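S.K.: Dumping the structure here so I can ask a few things about it.
The values are calculated or read from the model by the stated rules, or taken from the named source; none is laboratory data. Bear in mind that the values here come from a model prediction, so they are computed numbers and not experimental data. Please note: Cβ atoms are built from the backbone with ideal geometry, for glycine as well, and neighbour counts cover all protein chains shown.
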Amino acid sequence: MHPEKPYRHRKIGDRTLTPETLMMSYGYDPGLSEGAVKLPLFQTSTFVFKSAEEGKAFFEMAHGVRQPSATEEPGLIYSRINNPNLQILEERLTLWDGAESGLAFSSGMAAISTTLLTYLKPGDTFVHSEPVYGGTEHLIDSVLPAFGITGEPFGIFPGSQTLEQAVAKARARGRLGMIFIETPANPTNDLVDIAACARLAREMGPDGSRPIVAVDNTFLGPLWQHPLECGADLVIYSLTKYVGGHSDLVAGGCLGPEPLIAPVRGMRTTLGTTADPHTAWLLVRSMETLKLRMTSAMKNARYVAEFLRDHPKVEQVHYLGFLEPDTEQGRIFATQCKGAGSTFSFDIKGGEAEAYEMLNHMHLARLAVSLGGTETLIQHPATMTHSDVPVERLNEMGVSPAMIRISVGIEHPDDVIADLKQALDHVHVGVRAK
């Protein structure tokens, strides 16, 4: 970061500018792009050096042969390594979380897998919360063990082991390299105490040899939860979701202190999991309206959740805004989260047949996976996003055949509610008055 440059100023006089303001211009100098108000798309694979000496210097900095001097910046080489669209995206990604450095990836799973492969080596162990996104679950259960890396789960659902129990079992097998958390959990909205995980990690390595605490913040971030403020080392996103926000791209992100991001950057370059220039350009566009979209969707979700909670064919609504403040989950929400978000699940009375009957009669809401888009999306986790998780594990975690997940968009909430009402009218279950 070079705050002395005008296009990176974060203050006007004594006023520190807010992230939503900085999203319009931070990191971009129109003078370097023919005066264009908006960032152009640099659709190129490679970049020309002014001299052989400059090329040498750029590669030395890119490969860590030496650190840049006070007057140098890493130069443009090749779009797998860096690109103007990528660099400006990564600078703006840091703003909401207050991170020192950030990286953009070709997908959320690319961000997760690249980060885990950076900090976990053959013979290492790690602990992870559950449930997690189905793709993450597959990586943990089916891919990493082939590399000699084993995970140990913990959760808050009945019968799950505690974080402390999972840590003890993992450490008995080898070096504990990471505590990986997805909070809120997909699709149950279970919350994990990030600060408690960070404290435990510090206690295990007071000399600095402690496990990395990494948080998948996709469901609430980057507005409604800031894991780095809670003590996490790294925060990971599927940028496909709220940050992209228009269901037209796939990308991921990882943010944190530069000393921890640097090794992930090197692994990303080697694996080739970098976001492409066009995706980076689309994300820069989307981030200008991020607060507007996420705020509107969260307000809409409250109305939708209240409608579902009162409907006689709905058994339970897993909405963060309904947590009782005197419960452990309510306490975590009050101290860790800044809003309830707009993605949640609900259990319909009955099972898979009743859930499908409702889903097949939706008109406005799109029957599709993913979340965080401008449109409302609805899906069946047990047979869609989490279909590769064993049924017995899903049942243990509370992901039943009756569960439906909804990501509320920015349509008028009354229209979304009308769509849900007519779809529920088609569901035939034994109804009892509430």
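S.K.: State all residues of the range 170-200 that are among the charged types (D, E, K, R) and either surrounded by fewer than 16 Cβ atoms within 10 Å (Cβ to Cβ) or closer than 20 Å to Val389 by Cα (or both); if no residue qualifies, say none.
M.R.: Going residue by residue through the range 170-200, those that are among the charged types (D, E, K, R) are 171, 173, 175, 182, 190, 193, 199.
Hits for the range 170-200 are Arg171, Arg173, Arg175, Glu182, Asp190, Arg199.
S.K.: How many residues, within the range 348-388, are closer than 26 Å to Pro158 by Cβ and in contact with a His (Cβ under 8 Å, 6 or more places away or on another chain)?
M.R.: 4
S.K.: For the subset of the range 12-35 comprising residues that are touching a helix residue (DSSP H, G or I) at 6+ places or on another chain (Cβ under 7 Å) and over 18 Å from Leu282 (Cβ atoms), which member is surrounded by the fewest Cβ atoms within 10 Å (Cβ to Cβ)? Spell out how you get there, then give the answer.
M.R.: Start the filter on the range 12-35 by keeping residues that are touching a helix residue (DSSP H, G or I) at 6+ places or on another chain (Cβ under 7 Å), which leaves 19-20, 22-23, 25-29.
So of that shortlist, the ones also over 18 Å from Leu282 (Cβ atoms) come out as 19-20, 22, 29.
Numbers: Pro19: 19, Glu20: 17, Leu22: 19, Asp29: 13.
In this case the residue turns out to be Asp29.
S.K.: For the range 2-58: of the residues being part of a helix (DSSP H, G or I) and within 31 Å of the chain's Cα centre (by Cα), which is farthest from Leu95 (Cα to Cα)?
M.R.: Quick first cut of the range 2-58, residues part of a helix (DSSP H, G or I) only: 6-8, 19-22, 30-32, 52-58.
Now drop any that are not within 31 Å of the chain's Cα centre (by Cα), which leaves 6-8, 19-22, 30.
Numbers: Pro6: 16, Tyr7: 14, Arg8: 11, Pro19: 6, Glu20: 9, Thr21: 10, Leu22: 8, Pro30: 20 Å.
Checked the range 2-58; the qualifying residue farthest from Leu95 (Cα to Cα) is Pro30.
S.K.: Within the range 370-423, can you find the residues that are in contact (Cβ under 8 Å) with a residue 60 or more places away in the chain, buried (at least 16 other Cβ atoms within 10 Å of the Cβ), under 16 Å from Tyr356 (Cα atoms) and charged (D, E, K, R)?
M.R.: Arg405
S.K.: In this structure, is Gly64 of a type outside the set (S, T, N, Q), more than 22 Å from Leu103 (Cα to Cα) and not assigned by TED's automatic domain parsing to the domain that holds Gly272? Give the derivation first.
M.R.: Numbers: of a type outside the set (S, T, N, Q): yes; more than 22 Å from Leu103 (Cα to Cα): no; not assigned by TED's automatic domain parsing to the domain that holds Gly272: yes.
No; evaluated as a whole, the condition is false for this residue.
S.K.: Grab the helices (runs of 4 or more DSSP H) fully contained in the range 89-185, keeping just those with 1 or more residues being more than 20 Å from Leu234 (Cβ to Cβ).
M.R.: Working: elements: 108-119, 134-138, 163-173.
Helices (runs of 4 or more DSSP H) meeting the threshold: 134-138, 163-173.
S.K.: Scanning for something surrounded by 15 or more Cβ atoms within 10 Å (Cβ to Cβ), under 30 Å from Glu288 (Cα atoms), among the β-branched types (Val, Ile, Thr) and out of contact with any Gly (no Cβ under 7 Å at 6 or more places or on another chain), does the range 60-77 turn up at least one residue?
M.R.: yes
S.K.: Just wondering, is there one or more residues in the range 302-314 that are under 14 Å from Ile417 (Cα atoms), in a helix (DSSP H, G or I) and among the basic types (Lys, Arg)?
M.R.: Checking the range 302-314: at least one residue is under 14 Å from Ile417 (Cα atoms), in a helix (DSSP H, G or I) and among the basic types (Lys, Arg).
S.K.: Moving on to the next point. Please go through (1) of a type in the set (D, E, K, R); (2) more than 25 Å from the chain's Cα centre (by Cα); (3) within 30 Å of Pro187 (Cβ to Cβ) for Asp124 and return the number of the only condition it doesn't satisfy.
M.R.: If we test Asp124 against (1) of a type in the set (D, E, K, R); (2) more than 25 Å from the chain's Cα centre (by Cα); (3) within 30 Å of Pro187 (Cβ to Cβ), just (2) comes out false.
S.K.: Output the residue which, of all residues in the range 107-142 that are among the β-branched types (Val, Ile, Thr) and over 16 Å from Leu271 (Cα atoms), is surrounded by the most Cβ atoms within 10 Å (Cβ to Cβ). Explain how you work it out, then say what you get.
M.R.: Let us first name the residues in the range 107-142 that are among the β-branched types (Val, Ile, Thr), namely 112, 114-115, 118, 125, 127, 132, 136, 140.
Add one more test, that the residue is over 16 Å from Leu271 (Cα atoms), and what stays is 125, 127, 132, 136, 140.
Numbers: Thr125: 23, Val127: 27, Val132: 25, Thr136: 23, Ile140: 22.
Looking at the filtered set, the residue picked out is Val127.
S.K.: For the range 366-376, state whether one or more residues are over 25 Å from Asp141 (Cα atoms) and either in a strand (DSSP E or B) or in the same structural domain as Ala185 (by TED's automatic domain parsing) (or both).
M.R.: Looking for residues that are over 25 Å from Asp141 (Cα atoms) and either in a strand (DSSP E or B) or in the same structural domain as Ala185 (by TED's automatic domain parsing) (or both), one finds at least one in the range 366-376, hence yes.
S.K.: How many of the residues making up the range 383-408 are under 22 Å from Val429 (Cα atoms), at pLDDT 95 or above and not in a loop (DSSP other than H, G, I, E, B)?
M.R.: Of the residues in the range 383-408, 5 are under 22 Å from Val429 (Cα atoms), at pLDDT 95 or above and not in a loop (DSSP other than H, G, I, E, B).
S.K.: Now a separate question. I want to confirm something. Restricting to the range 321-347 and keeping residues that are touching a strand residue (DSSP E or B) at 6+ places or on another chain (Cβ under 6 Å) and among the hydrophobic types (A, V, I, L, M, F, W, C), which single residue is surrounded by the most Cβ atoms within 10 Å (Cβ to Cβ)?
M.R.: Pass one, the range 321-347, residues touching a strand residue (DSSP E or B) at 6+ places or on another chain (Cβ under 6 Å): 337, 343-347.
Add one more test, that the residue is among the hydrophobic types (A, V, I, L, M, F, W, C), and what stays is 337, 344, 346.
Details: Cys337: 21, Phe344: 27, Phe346: 22.
The residue in question is Phe344.
S.K.: Can you report the number of residues in the range 348-361 which are under 17 Å from Leu308 (Cα atoms) and surrounded by fewer than 20 Cβ atoms within 10 Å (Cβ to Cβ)?
M.R.: So the first thing to find is which residues in the range 348-361 are under 17 Å from Leu308 (Cα atoms), and the list is 348-351, 354-359, 361.
Add one more test, that the residue is surrounded by fewer than 20 Cβ atoms within 10 Å (Cβ to Cβ), and what stays is 349-351, 356-357, 359, 361.
The number of residues fulfilling the criteria is 7.
S.K.: Whether any residue in the range 74-92 is farther than 30 Å from Ser51 by Cα and out of contact with any helix residue (DSSP H, G or I) (no Cβ under 6 Å at 6 or more places or on another chain) is what I want to check. Spell out how you get there, then give the answer.
M.R.: Kept after step one, since they are farther than 30 Å from Ser51 by Cα, are these residues of the range 74-92: 92.
Those left that are additionally out of contact with any helix residue (DSSP H, G or I) (no Cβ under 6 Å at 6 or more places or on another chain): none.
Checked against the condition, which is being farther than 30 Å from Ser51 by Cα and out of contact with any helix residue (DSSP H, G or I) (no Cβ under 6 Å at 6 or more places or on another chain), the range 74-92 yields no hits at all.
S.K.: Answer yes or no as to whether Ala297 is of a type in the set (A, V, I, L, M, F, W, C), within 28 Å of Ala402 (Cα to Cα) and in a helix (DSSP H, G or I).
M.R.: Numbers: of a type in the set (A, V, I, L, M, F, W, C): yes; within 28 Å of Ala402 (Cα to Cα): yes; in a helix (DSSP H, G or I): yes.
Yes; evaluated as a whole, the condition is true for this residue.
S.K.: Enumerate the pairs (first residue in the range 301-320 and without any contact (Cβ under 8 Å) to a residue 40 or more places away in the chain and of a type in the set (Lys, Arg); second residue anywhere and buried (at least 20 other Cβ atoms within 10 Å of the Cβ) and not in a loop (DSSP other than H, G, I, E, B)) with beta-carbon separation below 8 Å, excluding pairs fewer than 6 apart on the same chain, so at least 6 apart or on different chains.
M.R.: Arg309/Val317
S.K.: For the range 396-426, give me each residue that is small (Gly, Ala, Ser) and over 21 Å from Ser296 (Cβ atoms). Lay out the reasoning, then the answer.
M.R.: Pass one, the range 396-426, residues small (Gly, Ala, Ser): 398, 400, 402, 407, 409, 418, 423.
Selection gives Gly398, Ser400, Ala402, Ala423.
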